[in-house]
1. Using 7 Å Cα-to-Cβ label points, what is the residue 111/residue 357 separation (nm, one decimal)?
2. How much length would be gained if the chain were fully extended between residue 399 and residue 207, taking 0.36 nm per residue of separation minus their Cα-Cα distance, in nm to one decimal?
3. May I ask you to derive the FRET efficiency for residue 343 and residue 162 from their Cβ-Cβ distance with R0 = 60 Å, giving the value to the nearest 0.05?
4. Lys and Arg at +1, Asp and Glu at -1: add these up for the other residues within a Cβ distance under 10 Å of residue 70 and post the number.
5. Just list whichever of 129/309; 309/342; 47/342; 89/138; 47/232; 232/291 have alpha carbons separated by over 25 Å in the model shown.
6. By how many nm would the segment from residue 253 to residue 150 grow when fully extended, if each residue of separation counts as 0.36 nm and the alpha-carbon distance is taken off?
7. So how much slack lies between residue 427 and residue 189, counting 0.36 nm per residue of separation and subtracting their Cα-Cα distance, in nm?
Amino acid sequence: MCQRHAKCFLIALFIFVCFKATAQTTASSGTNTSDPLTEHENNPYNKYGIGQLWNGNNTVLQGMANITSAYEDAYECNTDNPASYSFLKRTTYEVGFMASMTNVNALGSSYTTGTASLNYLNIGIPVNKNAGICFGFKPYTHAFYSLVDTLYAPVSPIGETIRSYNGNGGLNYAFIGAAYQFKGLSIGFNFGYMFGTIQRSTEVVPIDSNLINKGFTADYTSFDRIGGLYWKGGALYEHKIGTEYSIRAGGTITITQNLSEKVNAFNISSYNYGDTLLSDTISNPGQINGKLKLPMSYSLGVIFAKTNKWDIGVDYTSTQWSGFQSTADPTMTLGIATSSYKLSLGGEYTPDLNNIRSYTSRITYRFGLYYGTDYLSFNNTQLPIYGLTAGASLPFRRSTSHLHTSIDVGRYGTLTNNLIQETYVRFSLGVSFNDLWFVKKKYD
């Protein structure tokens with residue numbers, strides 16, 4: 001990859017991170033928090049907690065059900081386990097996009113919704129044969145929902161009433177990571193800044209068939225601005241078995257961490273006279289400062305591999321959501337389970353990496369499956385999530401650079417106890433370019 005391409009990538013990364021930070025900061029003062037780079041998916045479960053946890057891993061790992069704990073590659077960035085950076089052999093530039101279609105089924109009715117978004121930006125740099133660093137940016141959570149229900153007397157003392165719920169926003173993570181390897185054991189850390197704004201609104205509009213143009217409305221809107229330092233540690237050990245085979249074991253840990261939280265809430269009452277609309281802010285307690293406590297999480301994984309041929313592994317991740325807390329907005333903890341987990345199995349296969357006569361032999365094929373529980377629980381029922389993945393990496397001619405694709409077909413939630421079930425298909429497209437840095441020229 002030429003210097004011009006490298007500079008373009010770095011500039012794109014900088015502009016994107018700055019744009020996101022500016023958009024989120026502006027949103028806290030009352031503007032729309034929608035991300036202009038994202039088409040939003042209407043997900044009812046986004047109303048709770050910090051929204052939908054977003055998969056910001058690269059497309060390679062998504063094709064293998066995200067078996068990230070023990071995965072390393074000389075030409076790809078595994079940002080989920082920072083210990084993998086020490087295995088990088090070339091400077092790697094990565095960008096990825098995700099699109100999804102979801103069918104939401106609730107109480108016998110259903111609708112289809114979708115989203116498209118930039119998914120990650122990474123730059124991995126090998127410092128020497130035992131150390132590497134990585135710069136990256138990825139979404140952490142995504143929240144968007146638009147719901148409507150109708151209340152009748154005697155539940156509603158003012159008669160038939162339409163109640164709507166709307167929300168958008170999310171959290172993002174910009175970070176730098178580093179790793180060092182000694183005799184097969186690598187230790188690494190990601191250290192960065194988590195930030196974002198989540199806006200939530202509830203509006204109540206009475207229905208009066210005799211005075212259709214006259215009526216009271218009530219609107220409650222809150223802006224939750226979040227930001228703070230956030231880190232993650234990882235370890236990875238590789239043991240060679242002969243000249244072709246190896247076994248790798250790895251794990252990550254994120255302890256409970258506090259982020260700064262600033263909540264601004266407004267309760268507005270309006271009356272429509274037909275030709276005049278009067279609005280009044282009846283409640284504005286001012287900015288409430290507090291802390292958002294993100295829970296401890298850990299992962300463990302093992303991969304068995306044949307060099308340049310295949311990998312197969314298993315991964316287990318657990319998060320202790322009982323430690324999740326918001327001191328500025330206690331309603332944030334409604335519907336939160338005590339813990340969540342995910343068990344994944346995945347692998348990859350390359351028929352013949354060195355066969356220059358057959359392009360399909362140099363394609364890497366991937367598969368995976370996973371099962372677990374989400375961090376939300378309603379009616380004594382924790383939401384399950386499970387699915388199948390597949391993917392492929394298409395090499396560029398005479399290069400270690402690749403075009404990556406993956407697909408994830410799964411199901412989230414359940415119809416048990418009158419809950420909502422979602423069936424989704426997620427497509428991911430990524431590109432990775434490789435270059436040589438810090439290499440002395442042999443000839444002038």
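No value in this document is a laboratory result; all are computed from the given coordinates. Not measured: the values here are computed from a predicted model. Cβ atoms come from the backbone with ideal geometry, glycine included; neighbour counts cover every protein chain shown.
1. The answer from the label model is 5.8 nm.
2. Working: separation 192, 0.36 × 192 = 69.12 nm, distance 6.52 nm.
Between residue 399 and residue 207, full extension yields an extra 62.6 nm.
3. Values: r = 43 Å, r/R0 = 0.71.
According to the calculation, E is roughly 0.90.
4. Result for the local shell: -3.
5. Working: 129/309 22 Å; 309/342 27 Å; 47/342 22 Å; 89/138 23 Å; 47/232 27 Å; 232/291 19 Å.
Flagged as over cut-off: 309/342; 47/232.
6. On the way: separation 103, 0.36 × 103 = 37.08 nm, distance 4.47 nm.
Full extension from residue 253 to residue 150 adds 32.6 nm.
7. Numbers: separation 238, 0.36 × 238 = 85.68 nm, distance 2.89 nm.
Result for the pair: 82.8 nm of gain on full extension.
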